[in-house]
1. At 0.36 nm per residue, minus the direct Cα-Cα distance, what do Asn3 and Thr40 gain on full extension? Give it in nm, one decimal, please.
2. About its Cα centre, how strong a charge dipole does the range 52-179 have in debye, to the nearest 20, once Lys and Arg get +1 and Asp and Glu get -1 at the Cβ?
3. Report the net charge of residues surrounding Tyr140, where surrounding means a beta-carbon distance below 12 angstrom and charges are Lys +1, Arg +1, Asp -1, Glu -1.
4. Once you charge only the Cβ atoms, +1 for Lys and Arg and -1 for Asp and Glu, what is the size of the charge dipole of the range 140-180 about its Cα centre, to the nearest 20 debye?
5. Measuring from centroid to centroid over Cα atoms, what is the spacing of the range 103-119 and the range 152-173 in Å?
6. Expressed as a whole percent, how much of the Cα-Cα distance distribution for the chain exceeds 26 Å?
7. Quick one: if you stick a label point 7 Å off each Cα along the C-beta vector at Ser166 and Tyr142, how many nm between them?
8. What FRET efficiency comes out for the pair Asn105/Ala184, r = Cβ-Cβ distance, R0 = 35 Å, nearest 0.05?
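The numbers here are math on the coordinates, done by the rules we state, and not lab data. In this text, all values refer to a predicted model and were calculated from it rather than measured experimentally. Heads up, the Cβs are rebuilt from the backbone with ideal geometry, glycines too, and the neighbour counts pull from every protein chain shown.
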Amino acid sequence: MSNITKKALEASLKKLMMKKPLDKITIRDITDDCGISRMTFYYHFQDIYDLIEWTCLEDATAALQGKKTCATWNEGLEQIFEAVLDNKPFILNAYRCISREQMENFLFKMTYGLIRGVVDEKSAGTALGEEEKAFIAGFYKYSFVGVMLDWIRHGMRDDHRALARSVGLTMQGSIDNAIRNFLAK
């Protein structure tokens, strides 16, 4: 039942964001739209930003199902772009109304697991430590999020497939080199 309520809140938020800016939407608007009490909202989320974060992570998780390996991570990158594009009005509205730091944090949570999975797979059987793996994944997480934010800031006009392919190609060789460099130190 809990997930059904969260999904109803998500649907109401997205519907309302099609009509007005995020900073004009209240919790009362969301709860009235989906027919639940404010207390039920607060049972699931701390505030609207918590709901936005949950929504972004849910969309990303659905997009990345089974796409966290070396063989599938380029497809995973493309699917992150597609998930953002599929929710363009929601994302652009959120981008205009929340701080850059909050938007970065949402995107960091979406991408870190994907990149970390690739780092773990590529470094399997090596002496690369957890700190080094976390550093490499974190470094490339920032790169990906920077590209994604530029794309969002420019209205998502560029071809997302070509952009995902370019990001994947750049990161693929770079991650391999980073692992080799850490092991050679």
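1. Extending this stretch completely gives an extra 12.1 nm.
2. Values: 14 positive and 18 negative charges, 50 e Å.
In total the dipole reaches around 240 debye.
3. Counting the neighbours of Tyr140, the net charge comes to +3.
4. Values: 6 positive and 4 negative charges, 11 e Å.
That gives a dipole near 60 debye.
5. Taking the Cα centre of each part, the range 103-119 and the range 152-173 sit 15 Å apart.
6. Numbers: 6336 of 17020 pairs.
Across the chain, Cα pairs with separations above 26 Å total 37 percent.
7. 2.1 nm
8. Numbers: r = 33 Å, r/R0 = 0.95.
E between Asn105 and Ala184, to the nearest 0.05, is 0.60.
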